[in-house]
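One structure below.
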Amino acid sequence: MIMFMITFGFFGLSGQGVETAVRLFSKACFLSGMYVQGFTMIGRTNYGWPVRGYVKVDIMPILSKQIEDPDFYLVMDPSFSDAKAFKEGSTVIFNSPSKVSSDALKRRKIKTYSVDATEIALQQLKSNIPNTAMLGAVAKLYSKVSMKNLKTALEADNIAKVNMNAVEEGYRSVR
(Lines give C-alpha, C1' and ligand atoms only; values in the text may rest on other atoms or scores of the structure.)
Protein backbone atom coordinates (compact mmCIF):
# COMPACT_ATOMS: atom_id res chain seq x y z
CA MET A 1 0.00 0.00 0.00
CA ILE A 2 1.31 3.43 -0.94
CA MET A 3 0.83 6.17 1.64
CA PHE A 4 1.58 9.77 0.90
CA MET A 5 2.46 12.24 3.59
CA ILE A 6 -0.44 13.21 5.85
CA THR A 7 -0.28 16.49 7.73
CA PHE A 8 -2.13 17.37 10.93
CA GLY A 9 -2.65 20.95 12.07
CA PHE A 10 -3.28 21.76 15.73
CA PHE A 11 -4.81 25.18 16.37
CA GLY A 12 -5.54 26.68 19.75
CA LEU A 13 -4.54 29.20 22.34
CA SER A 14 -1.60 29.04 24.71
CA GLY A 15 -2.67 27.12 27.79
CA GLN A 16 -4.82 24.64 25.84
CA GLY A 17 -2.01 22.11 25.46
CA VAL A 18 -1.20 22.44 21.75
CA GLU A 19 2.53 21.86 22.27
CA THR A 20 1.91 18.80 24.42
CA ALA A 21 -0.64 17.43 21.93
CA VAL A 22 1.86 17.76 19.07
CA ARG A 23 4.57 16.00 21.08
CA LEU A 24 2.28 13.15 22.20
CA PHE A 25 0.70 12.63 18.79
CA SER A 26 4.15 12.61 17.16
CA LYS A 27 5.29 9.90 19.58
CA ALA A 28 2.15 7.85 18.96
CA CYS A 29 2.68 8.07 15.19
CA PHE A 30 6.32 7.01 15.60
CA LEU A 31 5.25 4.08 17.77
CA SER A 32 2.82 3.16 14.99
CA GLY A 33 5.76 2.71 12.61
CA MET A 34 5.69 6.02 10.76
CA TYR A 35 8.30 8.67 10.07
CA VAL A 36 7.30 11.86 11.85
CA GLN A 37 8.02 15.58 12.00
CA GLY A 38 6.31 17.65 14.67
CA PHE A 39 6.72 21.32 15.55
CA THR A 40 4.84 24.25 17.06
CA MET A 41 4.71 27.99 16.47
CA ILE A 42 3.80 30.23 19.36
CA GLY A 43 2.78 33.87 19.01
CA ARG A 44 3.57 34.74 22.64
CA THR A 45 4.04 32.80 25.82
CA ASN A 46 1.14 34.48 27.64
CA TYR A 47 -2.09 32.55 28.07
CA GLY A 48 -4.61 33.22 25.37
CA TRP A 49 -2.25 33.85 22.44
CA PRO A 50 -2.61 31.75 19.27
CA VAL A 51 -0.54 28.58 19.02
CA ARG A 52 -0.23 26.42 15.93
CA GLY A 53 1.36 23.01 15.72
CA TYR A 54 1.92 20.57 12.90
CA VAL A 55 2.64 16.87 12.66
CA LYS A 56 3.66 15.31 9.34
CA VAL A 57 3.62 11.52 8.98
CA ASP A 58 4.64 9.16 6.20
CA ILE A 59 5.96 5.63 5.71
CA MET A 60 9.02 7.13 3.98
CA PRO A 61 11.53 9.55 5.54
CA ILE A 62 10.24 13.13 5.48
CA LEU A 63 12.78 15.39 3.84
CA SER A 64 10.67 18.52 3.42
CA LYS A 65 10.72 21.13 6.18
CA GLN A 66 7.98 23.29 4.74
CA ILE A 67 4.50 23.51 6.21
CA GLU A 68 1.87 21.91 4.02
CA ASP A 69 -1.85 22.60 4.29
CA PRO A 70 -3.08 20.02 6.79
CA ASP A 71 -5.24 17.06 5.83
CA PHE A 72 -6.58 16.95 9.41
CA TYR A 73 -7.21 19.97 11.63
CA LEU A 74 -7.66 19.80 15.40
CA VAL A 75 -9.28 23.08 16.42
CA MET A 76 -9.02 23.44 20.20
CA ASP A 77 -10.33 27.00 20.35
CA PRO A 78 -14.07 26.92 19.55
CA SER A 79 -14.03 30.45 18.10
CA PHE A 80 -11.85 29.38 15.14
CA SER A 81 -14.15 28.14 12.37
CA ASP A 82 -13.35 30.17 9.26
CA ALA A 83 -13.99 27.79 6.34
CA LYS A 84 -11.44 29.62 4.15
CA ALA A 85 -8.68 28.62 6.58
CA PHE A 86 -9.17 24.89 5.91
CA LYS A 87 -7.90 22.94 2.90
CA GLU A 88 -10.63 21.75 0.56
CA GLY A 89 -11.48 18.11 1.21
CA SER A 90 -9.82 18.09 4.63
CA THR A 91 -11.12 16.74 7.94
CA VAL A 92 -11.69 19.14 10.83
CA ILE A 93 -12.26 18.16 14.45
CA PHE A 94 -13.75 21.03 16.43
CA ASN A 95 -13.73 21.40 20.20
CA SER A 96 -17.45 22.08 20.39
CA PRO A 97 -20.46 20.68 22.26
CA SER A 98 -22.44 20.62 18.99
CA LYS A 99 -21.77 19.83 15.36
CA VAL A 100 -20.06 22.70 13.53
CA SER A 101 -21.29 23.05 10.00
CA SER A 102 -21.85 25.77 7.46
CA ASP A 103 -22.61 26.11 3.79
CA ALA A 104 -19.03 27.27 3.20
CA LEU A 105 -17.62 24.12 4.84
CA LYS A 106 -19.98 21.91 2.81
CA ARG A 107 -19.14 23.66 -0.47
CA ARG A 108 -15.45 23.02 0.13
CA LYS A 109 -16.15 19.33 0.92
CA ILE A 110 -14.70 19.67 4.41
CA LYS A 111 -15.66 16.81 6.73
CA THR A 112 -16.42 18.13 10.19
CA TYR A 113 -16.52 16.34 13.52
CA SER A 114 -16.93 17.67 17.01
CA VAL A 115 -16.02 16.62 20.52
CA ASP A 116 -16.79 18.62 23.64
CA ALA A 117 -13.15 18.53 24.71
CA THR A 118 -13.55 21.50 27.05
CA GLU A 119 -16.28 19.76 29.03
CA ILE A 120 -14.30 16.50 29.10
CA ALA A 121 -11.23 18.39 30.36
CA LEU A 122 -13.24 20.18 33.04
CA GLN A 123 -14.74 16.87 34.23
CA GLN A 124 -11.57 14.76 34.07
CA LEU A 125 -8.77 17.27 34.71
CA LYS A 126 -10.66 19.98 36.59
CA SER A 127 -8.99 22.40 34.17
CA ASN A 128 -9.70 23.74 30.68
CA ILE A 129 -6.91 21.91 28.85
CA PRO A 130 -8.70 20.11 25.98
CA ASN A 131 -5.65 18.59 24.28
CA THR A 132 -5.91 14.97 25.44
CA ALA A 133 -9.62 14.71 24.65
CA MET A 134 -8.85 16.05 21.17
CA LEU A 135 -6.12 13.41 20.77
CA GLY A 136 -8.66 10.70 21.55
CA ALA A 137 -10.93 12.09 18.82
CA VAL A 138 -8.17 12.12 16.19
CA ALA A 139 -7.16 8.56 17.15
CA LYS A 140 -10.68 7.41 16.33
CA LEU A 141 -10.74 9.19 12.97
CA TYR A 142 -7.17 8.39 11.87
CA SER A 143 -6.98 4.62 12.26
CA LYS A 144 -3.24 4.38 11.53
CA VAL A 145 -2.55 5.48 15.12
CA SER A 146 -3.89 3.04 17.68
CA MET A 147 -5.21 3.94 21.11
CA LYS A 148 -2.59 1.56 22.50
CA ASN A 149 0.25 3.61 20.95
CA LEU A 150 -1.37 6.88 22.00
CA LYS A 151 -1.61 5.65 25.60
CA THR A 152 1.99 4.42 25.45
CA ALA A 153 3.06 7.91 24.33
CA LEU A 154 1.21 9.44 27.29
CA GLU A 155 2.77 6.95 29.70
CA ALA A 156 6.25 7.66 28.30
CA ASP A 157 5.68 11.36 29.06
CA ASN A 158 4.46 10.57 32.61
CA ILE A 159 1.06 12.04 31.81
CA ALA A 160 -1.46 11.62 34.64
CA LYS A 161 -4.12 8.89 34.61
CA VAL A 162 -6.90 11.50 34.36
CA ASN A 163 -5.48 12.45 30.96
CA MET A 164 -5.84 8.80 29.86
CA ASN A 165 -9.49 9.04 30.87
CA ALA A 166 -9.85 12.23 28.80
CA VAL A 167 -8.30 10.47 25.77
CA GLU A 168 -10.75 7.59 26.11
CA GLU A 169 -13.72 9.94 26.54
CA GLY A 170 -12.65 11.99 23.50
CA TYR A 171 -12.39 8.78 21.47
CA ARG A 172 -15.89 7.66 22.55
CA SER A 173 -17.66 10.99 22.14
CA VAL A 174 -16.40 12.36 18.81
CA ARG A 175 -19.30 12.76 16.38
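Take the Cα radius of gyration of the stretch 20-75 and divide it by 2.2 N^0.38 Å, N being the number of residues; the result is 1.20. Were the residues from E68 through L141 laid out at 0.36 nm apart, the gain over their Cα-Cα distance would be 24.3 nm.
Accessible area per residue for the stretch 1-112 is 54 Å², calculated with a 1.4 Å probe on protein heavy atoms, without ligands, DNA or RNA.
Within straight cross-link reach of K84, meaning Cα distance under 21 Å, which lysines are found once same-chain residues fewer than 8 apart are removed? Straight-distance partners of K84: K99, K106, K109, K111.
Excluding the site residues themselves, the longest part of the chain lacking any chymotrypsin sites (Phe, Trp or Tyr not before Pro) in a DSSP loop with at most 15 other Cβ atoms within 10 Å is 48-175. Taking label positions 7 Å along the Cα-Cβ direction at both D82 and K109, the computed distance is 2.4 nm, reported to one decimal. Length available on full extension from K126 to A156: 0.36 nm per residue minus the Cα-Cα distance, which gives 8.5 nm. Restricting the stretch 81-175 to GluC sites (Glu not before Pro) that sit in a DSSP loop and have at most 14 other Cβ atoms within 10 Å of their own Cβ leaves E88. Spread over its residues, the convex hull of the C-alpha atoms of the stretch 24-175 is 118 Å³ per residue.
The trypsin sites (Lys or Arg not before Pro) of the stretch 56-117 that meet both conditions, a loop assignment by DSSP and at most 15 other Cβ atoms within 10 Å of the site Cβ, are K65, K99, R108, K109.
Too long at a 26 Å Cα-Cα cut-off: which of K126/K151; K56/K87; K87/K148; K56/K126?
K87/K148; K56/K126
The values are calculated or read from the model by the stated rules, or taken from the named source; none is laboratory data. Everything quoted here is computed from the prediction, not taken from an experiment. When we count neighbours, we look across all protein chains shown, and the Cβ atoms used for this are built from the backbone with ideal geometry, even at glycine. Keep in mind that these areas ignore ligands, DNA and RNA; they rest on the heavy atoms of the full protein, side chains included. Shrake-Rupley method; radii C 1.70, N 1.55, O 1.52, S 1.80 Å.
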